[in-house]
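The values are calculated or read from the model by the stated rules, or taken from the named source; none is laboratory data. Quick caveat: nothing in here was measured; it's all calculated off a predicted structure. Ideal geometry is used to build each Cβ from the backbone, glycine not excepted, and the neighbour counts take in all protein chains shown.
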Amino acid sequence: MTSVRVLVTAVLLAWGAGFSASFAQAPKKPNAADIRLALEKLNVLGSVLYFAAHPDDENTRLIAYLANERKYRTGYLSLTRGDGGQNLIGPEIREELGIIRTQELLQARRVDGGEQFFSRANDFGFSKNPAETFTIWDREQVLADAVWVIRKFRPDVIITRFSPQPSGTHGHHTASAMIAQEAFDAAADPKRFPEQLKTVEPWQAKRLLWNTSSFFYSPGQKFDAADKLMVETGVYSPLLGRSYNEIAAQSRSMHKSQGFGSSGTRGEAVEYFEFLKGAPAKKDLAEGVNTSWNRVPGSQEVANLLQEALKKYQVAAPAASVPVLLKAHSALAKLPASYWKTVKQQELQEVIKACLGLYLEASSVKDYSVSPDEPVTLSIEAVNRSQVPVTLTKVDYLFAGKDTTVQQKLEESKPWFARTTMTIPAATAYSQPYWLRQPGSTGMFKVEDPAMIGQPENTAPAQVRLHLNVQGQPFIFTVPVVYKRTDPVEGEQYRPFEVTPPVFVNITEKVYVFADAQPKPVTVRVRAGKDQVAGQVTLRLPQGWRAEPATAAVSLAQKGEEQTFTFMVTPGAAQIESELGAAVTSGGKTYTQSLRTIQYPHIPTQTLLPEAVAKAVKLDLKRKGQYIGYLMGAGDEVPASLQQIGYAVDQLQVGDLSAAALQKYDAVVVGVRAYNTLDRLKFLQPQLMQYVKNGGTLVVQYNVSNGLVTPDLGPYPLKLSNDRVTVEDSDVRFLQPNHPVLNTPNKITAQDFKGWVQERGLYFPNQWDPEYEAILSSNDPGETAKEGGLLVAKYGKGHFVYTGYSFFRELPAGVPGAYRLFVNLLSLGKTVSEPVSGNRP
């Protein structure tokens, strides 16, 4: 198995441990307490893997406790990236939300000390049971990914967040625990997924536990702590200056897109565990696991030296520990290849670097991006902030296949700088997130490189390797190329360095809805990814459609320069759902990538390069009314969707909500979760109701029952519930077939509920006043009818609508029937049909 062990070493080094930071971050600058903690961790050889379904499922307190108090290598395997959730901080949903939540998890791990892994499973939205989940996930692929992570990470203990027994929770939750149970056995079986054994070995964890609590027990069920394994995690760490409760709150608060800001607590916090598989434990999670250096044969000298380094560590002079750490480094190198040798070599190397105050950085001087076959100017910095002799011997530019011999002594606090220009190879892949490079399925991402499976994000596209000699011992440190700038307000700012196409082509809208035969403008922005871009931009259209002009010339002199082109697109006669795309031909190549940047202050800037396509819909659509006021809640793309079909939409501020000011609108729409996020609505709700009473139409989209700013969402009582219909093609029945909502100005039929995405709806009311009329009924297979998804009431001269149906997903996805039904809601009470292309006078 020697060859396997060598490959395992390579895999572990690629994953990273200890002080390693994400390539998107500034270089780590450990303080004396960080170094002390890392020294303590060098003496502990144990690992725990936490296992759940989504970002924010993890128990951050337990992860912080295990990683920092028990000093275990602690990981979290989230089967999905959270693409199916809602977004409280912006309009991004689906894959873009998954990008945000991935980075929020990485930020959380930087706080609590854990490591982060994923499978290829896609969060396709809420699922009510694991059976449904496994009809959409490829169960064998998800299991393979879990086994792959376990075999690489080699946890002594695996802990699930959820029970493997179906209990009415999210289907993904239960499914994650079921996968954990299967993977616990499969990872140890060489007959399961044998193709993995080219690079990893089978691994049997000691035990599998469920991290339970009274939260998982239904009312009336007894939570008996006496038969549970209990661990006190509310410990205060003098070294860190915080309790693990406080660290956990800071970690959980990284999940900002989900509204999980948390306050730290202090004092006792007991975690409970139920045994699932393996060897039972009575007193401790790691009972029966040897977490000392004794688990590595022949390591006594290493253990003694590391204990000596810890005992003699000086907070005011960390470099004094370097001589004994170098002895430990030399002794460790002589041991036979093994998992723990690899892990501890990397940890020890980072501790020595920290004790030296060694700062190593490679940064792009001019810009954060470059195109393949283009030059990048780099600045390399190396500084030794100790009296220990260090020599920089060589610099390898790994991405370019070149190196430079240096032989430079790094004297104390005297920085060494070098500037060089290298060419990014023509074959370098673009910096598109690896799981989005190829189209996947509803339930699974497609990943062509098996080695990437499990990793949270791309490997840095450009890396520099620095060779050093520290008192006669060679060291190699690999650093990513980053982009660094100085902001006049925020100071030093870092951004990931990226490889991007030489030209981008962005279609300004995601969906184009043609409600008649009239041409519609399609605007395309072309942006240069390098200097001197020239070519032609064209549209790819459905058969029978045409664009005027058919093509346009592109000429961009400088990188970042943009040109905007408007094509008048005339649809064909047939009602269809299709795509239109844009492309730029330049230098004999055709480029179809758009540019999408996601920027929030709590995560590194993210760049996506999706194909430049938009959904094209030709449908039969009539409407009444013209002017819409839209009050944004948690963030969605419905206003742009309404503009697509000719409405004039004003985005309202809470301060605009007076009945008199609203009177000019044919309808007012309240965005998703507005009553969860806009505190002033509890005072201004009477103004909305007065608008309805005066003859207006008010459409309120879904809210969740927890955290409402007012219980009075409508003119009459209604009560929200957790009722939802998650199967997007579930039957929809008409309870009031003659109601205007189903008949005017568009005749709604069963066909209008075909092609919906992700779900029918969520958080339906389950109780309502008789003044409301329930219009639709639907339910998931095997469940009772849910009739509260669309409620309509007359109030005074106007109409009030509450809808839990997921228009916020369907309209941006270009679902024709959703447009027709939503237009009917907005048209309530209107008698005059408006032209779909009407403009505000």
Count of residues meeting criterion [under 16 Å from Met632 (Cα atoms) and either hydrophobic (A, V, I, L, M, F, W, C) or not assigned by TED's automatic domain parsing to the domain that holds Ala785 (or both)] in region 664-694: 10
Conditions (1) farther than 30 Å from His54 by Cβ; (2) buried (at least 18 other Cβ atoms within 10 Å of the Cβ); (3) free of Cβ contacts under 8 Å to residues at least 60 places away in the same chain; number of the one not met by Arg437: (1)
Selection count, region 652-694, where residues are of a type in the set (Asp, Glu) and assigned to a loop (DSSP other than H, G, I, E, B): 2
Hits in region 509-525 (condition: out of contact with any strand residue (DSSP E or B) (no Cβ under 8 Å at 6 or more places or on another chain) and modelled with pLDDT of 95 or more): none
Any strands (runs of 3 or more DSSP E) falling wholly within region 695-748 and containing at least 3 residues that are over 24 Å from Pro639 (Cβ atoms): 718-725, 732-734
Test result for Lys282, part of a loop (DSSP other than H, G, I, E, B) and free of Cβ contacts under 8 Å to residues at least 24 places away in the same chain: no
Residue match in region 185-204 (condition: under 19 Å from Val48 (Cα atoms), assigned to a helix (DSSP H, G or I) and either in the same structural domain as Ile159 (by TED's automatic domain parsing) or not aliphatic (A, V, I, L, M) (or both)): yes
Only one of Gly782, Gly817, Gly788 that is in a loop (DSSP other than H, G, I, E, B), of a type outside the set (Val, Ile, Thr) and either assigned by TED's automatic domain parsing to the domain that holds Gly84 or at pLDDT 95 or above (or both): Gly788
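Yes or no, residue by residue, for (1) modelled with pLDDT under 95; (2) surrounded by 15 or more Cβ atoms within 10 Å (Cβ to Cβ); (3) more than 28 Å from the chain's Cα centre (by Cα):
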residue	(1), (2), (3)
Gln532	no, no, yes
Arg540	no, no, yes
Gln558	no, no, yes
Glu561	no, no, yes
Phe567	no, yes, yes
Gln575	yes, no, yes
Thr585	no, yes, yes
Tyr591	no, yes, no
Ala616	no, yes, no
Subset tally (residues that are more than 21 Å from Ala813 (Cα to Cα), touching a Leu at 6+ places or on another chain (Cβ under 8 Å) and among the basic types (Lys, Arg)) for region 521-580: 1
Qualifying residue in region 44-51 (condition: among the β-branched types (Val, Ile, Thr), out of contact with any Pro (no Cβ under 7 Å at 6 or more places or on another chain), more than 30 Å from Gln307 (Cβ to Cβ) and assigned to a loop (DSSP other than H, G, I, E, B)): no
Lone unmet requirement of (1) in the same structural domain as Thr697 (by TED's automatic domain parsing); (2) farther than 22 Å from Gly829 by Cα; (3) assigned to a strand (DSSP E or B) for Val649: (2)
Qualifying residue in region 233-249 (condition: within 29 Å of Ser338 (Cα to Cα), in contact (Cβ under 8 Å) with a residue 12 or more places away in the chain and surrounded by 18 or more Cβ atoms within 10 Å (Cβ to Cβ)): no
Checking Phe683 against (1) over 27 Å from Lys622 (Cβ atoms); (2) touching a residue at least 40 places away in the same chain (Cβ under 8 Å); (3) surrounded by fewer than 22 Cβ atoms within 10 Å (Cβ to Cβ); (4) of a type in the set (Phe, Trp, Tyr), the condition it does not meet: (2)
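Regarding Gln643, is this residue assigned to a helix (DSSP H, G or I) and within 30 Å of Lys754 (Cβ to Cβ)?
Details: assigned to a helix (DSSP H, G or I): yes; within 30 Å of Lys754 (Cβ to Cβ): yes.
Yes.
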Filter result (closer than 15 Å to Val511 by Cα and not in a strand (DSSP E or B)) within region 618-631: Leu619
Pair list, Cβ < 8 Å and 6+ apart or interchain, from region 176-198 residues that are within 16 Å of Asp138 (Cβ to Cβ) to residues that are charged (D, E, K, R) and assigned to a helix (DSSP H, G or I): Ile179/Arg139
Count of residues meeting criterion [touching a Gly at 6+ places or on another chain (Cβ under 7 Å), assigned to a strand (DSSP E or B) and surrounded by fewer than 16 Cβ atoms within 10 Å (Cβ to Cβ)] in region 791-808: 0
Elements of type strands (runs of 3 or more DSSP E) contained in region 548-617, each with 3 or more residues being over 30 Å from Ser253 (Cβ atoms) and touching a Pro at 6+ places or on another chain (Cβ under 9 Å): 562-570, 577-586
Single condition Asp620 does not satisfy, out of (1) over 20 Å from the mean Cα position of the chain (by Cα); (2) within 27 Å of Ala550 (Cα to Cα); (3) modelled with pLDDT of 95 or more; (4) of a type in the set (Asp, Glu): (3)
Complete set of residues in region 475-526 that are of a type in the set (Val, Ile, Thr), under 24 Å from the mean Cα position of the chain (by Cα) and not in a strand (DSSP E or B): Thr500, Thr508
Ala226 at pLDDT below 95 and part of a helix (DSSP H, G or I): yes
Answer residue from region 446-499, given it is touching a residue at least 24 places away in the same chain (Cβ under 8 Å) and acidic (Asp, Glu) and is surrounded by the fewest Cβ atoms within 10 Å (Cβ to Cβ) among those: Glu492
